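The next block holds one structure in the form of structure tokens; read it before the comments.
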Amino acid sequence: MVIVGPVKFGSTCWRCNLSLRAVIMFRVSTLRLILILRHQSSENMATRWGICGAGKISHDFTVALKTLPPADHEVVAVAARDLQRAQEFAQRHGIPRAYDSYEKLAKDAEIADVIYLGLIHPHHLKVGLIFLRSKKNVLCEKPLAMNSREVQQIIAAAKENDVFLMEAVWTRFFPASIKISNLLAQEAIGEVKLVDVSFGAPLQHIPRAVEKELGGGALLDIGVYCLQFVCMVFNGEKPESINATGVCLNTGVDEAMAVVLKFSRNRMAVCTCSISVQLSNEATIFGTKGTIKIPEHQWCPTTLVVNGEKTQYPLPEPSMPLNFLNSTGMRYEAEEVRQCLLKGLKQSPRMTLADSALLTEIMDEARSQVGVVYIQDGV
Ligand SMILES: NC(=O)c1ccc[n+]([C@@H]2O[C@H](COP(=O)([O-])OP(=O)(O)OC[C@H]3O[C@@H](n4cnc5c(N)ncnc54)[C@H](OP(=O)(O)O)[C@@H]3O)[C@@H](O)[C@H]2O)c1
């Protein structure tokens, strides 16, 4: 019988005759080495993406991934409701596997580290839950879901299943946006007093932009970019008040909306969005000591003007035609996801789940004031 007593550092190991202290030190450093090697090997492995939905934004996202090193990002599968569409997408992008259902992609345990969910927004919750409950990490297109109740469900599922979830608010990860956050943190323009941001484009020819059952409406489709900008500038602070007014199409969705947000200490933001006309699509932050301006297409910024001084942030060229402006800029959110996964994070510190919850709360309130109600609202 072997009697194991308390470890005394002066004693020796009965198997190798080394001092116990040396044996313990050896084991600790071996364990440390294994952990370092494991971390390094996961850093050396590409993040494997599964694409859910073979539509327009999925195409653009896949093209954006190709602007990143293949050693870091790899698309391993695509799923669509229809096999032929999935196969055509796979062939176009050189993806090895195509599935005719989202469930099949979710069940294939080997295949993907993370799913890019590129479906129209009324399907984000139902399909998002399929992946989250299959323990898949998810990057979900904006808006994360149709309303706060849905967003809370999707967030709860990510937490229960201990997986990563992020709303694909790609704007936040552009170098110009990071620069804005850094400038604000340094109080480069003093205290921010007013933010003015717009997004408008003639989109009424696109069914999903106007039909209620497809999640149509200016606010959820593009106004969300104005609000996310404001939330980024005010660093996730809750507004003290929200005042919205708007006009609706006869489909019952908002054609245009203006949302005024008041924050503490006499700070405010004005957001304007429209799916019928082109707006300036600028974003300006007015501070007590200067201004920061994105002079065009604020949701995918490549130019920044700080106190009159202009800086360009060019994007890489796409390898094939894109459906939307500057879509190669989705590379930055994709890389953010990779970095979060490598660190074992379950959400991005720069676009948190609380940020998504706040964004949706503001949109719920604005919609309720304008009278835009979706079937998902259950009223
Ligand atoms: N980041 C950006 O700049 C940006 C730009 C545009 C859109 N988006 C967001 O991306 C999402 C998709 O937009 P999109 O323009 O790519 O849309 P889309 O091409 O019209 O549709 C995307 C996918 O949604 C599914 N779908 C479409 N209509 C459906 C229907 N009636 N019933 C069930 N499923 C349907 C299809 O999946 P299957 O392929 O499986 O059939 C389709 O491929 C939206 O949430 C939008 O807000 C983001």
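Structure above, values below:
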{"quantity": "Contacts under 6 angstrom Cβ, first residue in segment 47-71 being over 13 Å from Ala90 (Cα atoms) and in the same structural domain as Leu139 (by the TED database), partner buried (at least 18 other Cβ atoms within 10 Å of the Cβ) and among the hydroxyl-bearing types (Ser, Thr, Tyr), 6 or more apart", "calculated": "Asp60/Ser327; Phe61/Tyr116; Ala64/Ser327; Ala64/Thr328; Thr67/Thr328"}
{"quantity": "Elements of type strands (runs of 3 or more DSSP E) in segment 96-175, at least 2 residues being out of contact with any strand residue (DSSP E or B) (no Cβ under 9 Å at 6 or more places or on another chain), touching a residue at least 12 places away in the same chain (Cβ under 8 Å) and within 15 Å of the ligand (Cβ to nearest atom)", "calculated": "none"}
{"quantity": "Per-region count, segment 200-217, residues within 12 Å of the ligand (Cβ to nearest atom) and part of a loop (DSSP other than H, G, I, E, B)", "calculated": "7"}
{"quantity": "Only one of Pro69, Pro6 that is modelled with pLDDT of 95 or more, of a type outside the set (A, V, I, L, M, F, W, C) and more than 16 Å from the ligand (Cβ to nearest atom)", "calculated": "Pro69"}
{"quantity": "Residue that is farthest from Leu227 (Cα to Cα) [pool: residues in segment 246-287 that are hydroxyl-bearing (Ser, Thr, Tyr) and out of contact with any Leu (no Cβ under 7 Å at 6 or more places or on another chain)]", "calculated": "Thr251"}
{"quantity": "Search result, residues across segment 185-196 that are more than 11 Å from Phe286 (Cα to Cα) and not in a loop (DSSP other than H, G, I, E, B)", "calculated": "Ala185"}
{"quantity": "Meets criteria (of a type in the set (Gly, Ala, Ser), surrounded by fewer than 22 Cβ atoms within 10 Å (Cβ to Cβ) and in contact with a helix residue (DSSP H, G or I) (Cβ under 9 Å, 6 or more places away or on another chain)) for Ala157", "calculated": "yes"}
{"quantity": "Spans of strands (runs of 3 or more DSSP E) in segment 281-379 with at least 1 residues of a type in the set (Phe, Trp, Tyr) and modelled with pLDDT of 95 or more", "calculated": "283-287"}
{"quantity": "Residues within segment 84-95 that are closer than 14 Å to Gly55 by Cα, more than 10 Å from the ligand (Cβ to nearest atom) and aliphatic (A, V, I, L, M), tallied", "calculated": "1"}
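The values are calculated or read from the model by the stated rules, or taken from the named source; none is laboratory data. From a predicted model like this one, the values you see are computed outputs, not experimental measurements. No Cβ is skipped: glycine too gets one built from the backbone with ideal geometry, and neighbour counts run over all protein chains shown.
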